[in-house]
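Enquirer: Mind having a look at this structure? Questions to follow.
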């Protein structure tokens, strides 16, 4: 009997085990060794099952496979089901993240050659509330597929590979609606079974979030290279001026060390307990108090602490990943509005991490290419230069 645990194991292999071309590449020998040390599939007789991803990939490439190896921007349209280019597959936390298949749900080319996509999965046994299971009459190129309407992120058009199929405009509209209204479900859609305690689908959700983060953060990093510096430049002309602005708004603030840059001034701040309002839902959960700044016409309009509730942490010997939610952040912000660091008070240093943000669920995921030390902490700064915080 096929179970959800088996479905989850299969998903874990297909998402995070290196394909044969990577396993056999001497350039990846160190990464492969570290992966085998932690992977039950690749380190045992189950390793032969990993090649299933090759068969699956070929089965996907049906009706809409391009004869030209190059993907032209003009060919990319809303509703298409496309695989991300295989060259973007990469190692993270000793796992090799294979490229996912996504549905294009919005074209944002007028911003910066970007498209909005929703991640998909083929095994409906892992579908849960919030997923849109597609009937055959509303898609082409696939026999079975569901769209993770909660797992939506931005990519560059140049990241997209072959077109494997497409969905109807009706489906695209419903995906956008479900992304904003999680309780909505079209009348024709299959209702997935509710989640239960220790449900394998909860672990599948985390796997899918990390997969989406791995590829979306590449687009975010491109934007941050251009925009992060200007975000700080817009705040104040000097550190001393910014300190005066902050102290006028909140008197009882301190810093982990005397800041020398705008980044340090915003990211090493310590708020007094009486200025922090924690959500009733936090309970015994770990939280981080982030710095929130809103700008209006180049002037600091709002400066205040905001709670980040931590749901998941994953430390390794060479990296650190953390995820959670920011329930009090009610504005719509792009991921490049966030800066996350590992702060080292003794060394007076900040180590910049990668960031992913889901506006709908108010969820974040941060990843650092270094371990977090015993006396280090995560620091988060959010800069809103467009809308007022409410």
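A short reminder: the numbers here are calculations on the coordinates, not readings from a lab. Quick caveat: nothing in here was measured; it's all calculated off a predicted structure. Please note: Cβ atoms are built from the backbone with ideal geometry, for glycine as well, and neighbour counts cover all protein chains shown.
Enquirer: Roughly how many whole Å is it from the C-alpha centroid of the stretch 234-255 to that of the stretch 160-224?
Expert: If you average the Cα positions of each part, the centres end up 40 Å apart.
Enquirer: Compute the Rg/Rh shape ratio of the stretch 304-346: radius of gyration over Kirkwood radius, all on alpha-carbon atoms.
Expert: Reported Rg/Rh (Cα atoms, Kirkwood Rh): 1.00.
Enquirer: Oh, and also: Starting from the Cα-Cα distance between residue 255 and residue 29, subtract it from 0.36 nm times their residue separation and give me the gain in nm to one decimal.
Expert: 77.0 nm
Enquirer: With 23 Å as the cut-off, how large is the P(r) tail for the stretch 234-384, expressed as percent of Cα-Cα pairs?
Expert: Summing the P(r) of the stretch 234-384 above 23 Å gives 35 percent of all pairs.
Enquirer: If you average 1/r over every pair of different alpha-carbon atoms in the stretch 141-186 and take one over that average, what Kirkwood value in Å do you get?
Expert: The answer is 12.3 Å.
Enquirer: Another one. To the nearest 0.05, how large is the calculated FRET efficiency for residue 332 and residue 240 if R₀ is 41 Å and r is the Cβ-Cβ distance?
Expert: 0.80
Enquirer: Over all alpha-carbon pairs in the stretch 108-217, figure out the percentage whose distance exceeds 22 Å.
Expert: Cα-Cα pairs in the stretch 108-217 separated by more than 22 Å: 33 percent.
Enquirer: Mind ranking 1-7, 342-348, 14-20 by how tightly packed they are, going by the mean number of other C-beta atoms within 10 angstrom, highest first?
Expert: Highest-to-lowest ranking by the protection proxy: 14-20, 342-348, 1-7.
Enquirer: Another question about this same structure. Okay, which of the stretch 166-196 sit inside 15 Å, backbone N to the point 7 Å along the Cα-Cβ direction of residue 78?
Expert: Answer for this model: 167-180.
Enquirer: Sorted by average packing, counted as other Cβ atoms within 10 angstrom per residue and highest first, what order do 37-43, 261-267 take?
Expert: 261-267, 37-43
Enquirer: Out of every Cα-Cα pair in the stretch 295-390, what percent are more than 22 Å apart?
Expert: Tail of P(r) above 22 Å: 32 percent of Cα pairs.
Enquirer: Which order, highest average first, do 313-323, 122-132, 244-254 follow once you tally other Cβ atoms within 10 Å for each residue and take the mean per peptide?
Expert: With the highest mean Cβ count within 10 Å placed first, the list reads 122-132, 313-323, 244-254.
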